[in-house]
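These notes concern the structure reproduced below.
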Amino acid sequence: MAFFDWDDKYSVGIMSIDQQHKKLFEVISNFYELIRQKEINRAMSEVIEGLIGYAETHFATEEDYMKRYRYPLYERHQAKHAKFVEEITDFQTRFQAGKLVIPIEIANFLKDWLSNHVLEEDQRYAPFFQAKGLK
């Protein structure tokens, strides 16, 4: 059972980006399932690694489109990506050092990311890129 199921409200109407967002949902669902199974260390390790991989691929895709099509809010959006990477790197550093990182901390971070970034920030660029012919 998936913790977060994909919903079309998250779609930006650009296949490559939607597929990457779906991958994020998969990472979150796997995290939830491992927590449910009480495999906390594995859950933490896998979610952090999954989020790092997601950020590398997804942010590069979005930022490439933004630069290529001269998206006017590129710098603002890129700064939010940098903040995400900073947060995930902090989780990774603390986790690897044996310092306490609790699953709810990551869960809250991800909930905020989905609500504020994917549903708001990413939706802002959707009509811009669609008008440029991206599908």
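The values are calculated or read from the model by the stated rules, or taken from the named source; none is laboratory data. The structure presented is a predicted model; accordingly, all values stated were derived computationally and were not measured. Positions of Cβ are generated from backbone atoms using ideal geometry, with glycine treated the same way; all protein chains shown enter the neighbour counts. Ligands, DNA and RNA are stripped out before the accessible areas are found, and what is left, the full protein with its side chains, is counted by its heavy atoms. Shrake-Rupley method; radii C 1.70, N 1.55, O 1.52, S 1.80 Å.
Net charge near TYR74: determine it from the other residues with C-beta under 14 Å of the C-beta of TYR74, scoring Lys and Arg +1 and Asp and Glu -1.
Values: positive: LYS67, ARG68, ARG70, ARG76, LYS80, ARG124, LYS132; negative: GLU62, GLU63, ASP64, GLU75, GLU121, ASP122.
Neighbourhood net charge equals +1.
Dividing the helix sum by the residues of the chain, where each DSSP H run of 4 or more adds -39500 (n - 2.57), gives a mean residue ellipticity at 222 nm of -21500 deg cm²/dmol. The HN-Hα couplings worked out from phi for the stretch 79-95 by the Karplus form 6.51 cos²θ - 1.76 cosθ + 1.60 (θ = phi - 60°) are 5, 5, 5, 4, 5, 4, 4, 4, 5, 5, 5, 5, 4, 5, 4, 5, 5 Hz, whole numbers, x standing for Gly and Pro. When the Cα positions of PHE59, VAL47, ILE35 are compared along the charge dipole of the chain, PHE59 comes out farthest toward the positive end, with charges on each C-beta of Lys, Arg, Asp and Glu. Each of TRP6, TRP113 has its accessible area taken with a 1.4 Å probe; listed largest first, they run TRP6, TRP113. Per-residue SASA remark: HIS117, around 10 Å² accessible (1.4 Å probe; ligands, DNA and RNA not included). Counting Lys +1, Arg +1, Asp -1, Glu -1, what net charge surrounds MET44 among other residues with beta carbon under 15 Å of its beta carbon? Around MET44, the charge tally is -2. Which lysines does LYS99 reach when only Cα atoms under 20 Å apart count, and residues fewer than 8 places away in its own chain are ignored? Counting by Cα, and skipping residues close in sequence, LYS99 has these lysines nearby: LYS38.
Using square roots of five times the C-alpha gyration tensor eigenvalues, list the equivalent-ellipsoid semi-axes of the stretch 45-126 in whole Å, biggest first.
On the way: eigenvalues 136, 35, 18 Å².
The equivalent ellipsoid of the stretch 45-126 has semi-axes of 26, 13, 10 Å.
For LYS135, the lysines whose Cα comes closer than 22 Å to its Cα, not counting residues fewer than 8 places off in the same chain, are LYS9, LYS22, LYS23, LYS67.
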